[in-house]
Amino acid sequence: MKRILLALSISAALVGCKTSPTGRTQLALYSDGQMNTMGKQSFEQLKQQLPINNDQKVNRYIQCIADNVIAVLPDKYAQQQWEVVVFDEPSANAFALPGGKIGVHTGLLKVATNQHQVATVMGHEVGHVIAEHSNERASQNSAIQLGMQAADASLRSIQNEYQGAIMMALGVGTQYGVTLPFSRTHESEADEIGLELMSKAGFNPKESITLWQNMSTAGSGNTPEFLSTHPAPSTRIGDLRNQMPSVMKLHQAAASAGKKPGCKL
């Protein structure tokens, strides 16, 4: 077991570190260029695989919201050329990828019923990008795989009769002890960043609470929080309420500066 722990420690030591926008230490093995390339490649694949919506009214509406959110991003991201695509997909979903890519499913418009609610989701998804969650996730997976391989090699070297059982336990422990909690951390962090972004852009942050209530009513969040990659709706809404006083100040400042989005469907 000492050899296993040593192998895992060596693996962890190989991982680079960054700090997220909220001050959290992150694992980061990949460069911005690598992540942007992977994001662009993935987006091109999605455009080949998923039906694209060509309704001009819908596309203008989504592009309007995206333009307002992009305008308040940190310079590193605001200066990128962002591509926004609406996909004809029934799921209430959207996503953003490194490299300046945003995808929105038409099913989201059945749950996010106004520009503010769509901006909540879009800000959240772009929040994942500027917090470099994709890099952290890829780096974390690489570190876990390296550690598991090292542990397996160590067990084989001593011909441990319980190798299979130990490796299975390590796998389960990794999933529920590391992978899923990190995903909930990412989601909560993206909520926080996204709420600030939409508020700075002039969208009403109070609508974020209504959106997640809509999501909950639509059937999301039925998985117990402990085994879910997303915070439970009640946790998410509680966190948003706690953040509301500070983001309302951002919203009021944006309104005073003339930022009043008028995106209509």
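The values are calculated or read from the model by the stated rules, or taken from the named source; none is laboratory data. Just so it is clear, the structure is predicted and the values come from calculations on it, not from any experiment. Quick reminder, even Gly has a Cβ in these numbers, built from the backbone with ideal geometry, and neighbours come from all protein chains shown. These accessible areas exclude ligands, DNA and RNA; they are computed on the full protein's heavy atoms, side chains included. Shrake-Rupley method; radii C 1.70, N 1.55, O 1.52, S 1.80 Å.
Checking the structure you have, find out if any residue of region 186-194 is within 29 Å of Gly23 (Cβ to Cβ), at pLDDT 95 or above and not in a helix (DSSP H, G or I).
No: region 186-194 contains no residue that is within 29 Å of Gly23 (Cβ to Cβ), at pLDDT 95 or above and not in a helix (DSSP H, G or I).
Please go through region 89-105 and pick out each residue that is more than 15 Å from Lys47 (Cβ to Cβ) and at pLDDT 95 or above.
Across region 89-105, there are no qualifying residues.
Show the residue pairs meeting these rules: Cβ distance below 8 Å; 6+ apart or different chains; first residue within region 239-256 and in contact (Cβ under 8 Å) with a residue 40 or more places away in the chain and charged (D, E, K, R); second residue part of a helix (DSSP H, G or I) and open to solvent by 60 Å² or more (accessible area, probe 1.4 Å).
Pairs found: Asp239/Glu192.
Conditions first: (1) open to solvent by less than 30 Å² (accessible area, probe 1.4 Å); (2) out of contact with any Pro (no Cβ under 7 Å at 6 or more places or on another chain); (3) at pLDDT below 95. Val58 passes all but one, so which condition is the exception?
With (1) open to solvent by less than 30 Å² (accessible area, probe 1.4 Å); (2) out of contact with any Pro (no Cβ under 7 Å at 6 or more places or on another chain); (3) at pLDDT below 95 applied to Val58, the lone miss is (3).
Those residues that are farther than 14 Å from Leu97 by Cβ, open to solvent by less than 70 Å² (accessible area, probe 1.4 Å) and assigned to a loop (DSSP other than H, G, I, E, B), I need them from region 16-38; list them, please.
Within region 16-38, Gly16, Ser20, Thr22, Gly23, Arg24, Ala28, Ser31 meet the criteria.
Identify, please: which residue in region 1-12 is part of a helix (DSSP H, G or I) and open to solvent by 80 Å² or more (accessible area, probe 1.4 Å) and is, among those, modelled with the highest pLDDT?
Arg3
If we only count strands (runs of 3 or more DSSP E) wholly inside region 39-149, which ones have 2 or more residues that are more than 15 Å from the chain's Cα centre (by Cα)?
The strands (runs of 3 or more DSSP E) meeting that bar are 83-87.
Determine whether region 81-88 contains at least one residue that is closer than 19 Å to Gln34 by Cα and modelled with pLDDT of 95 or more.
yes
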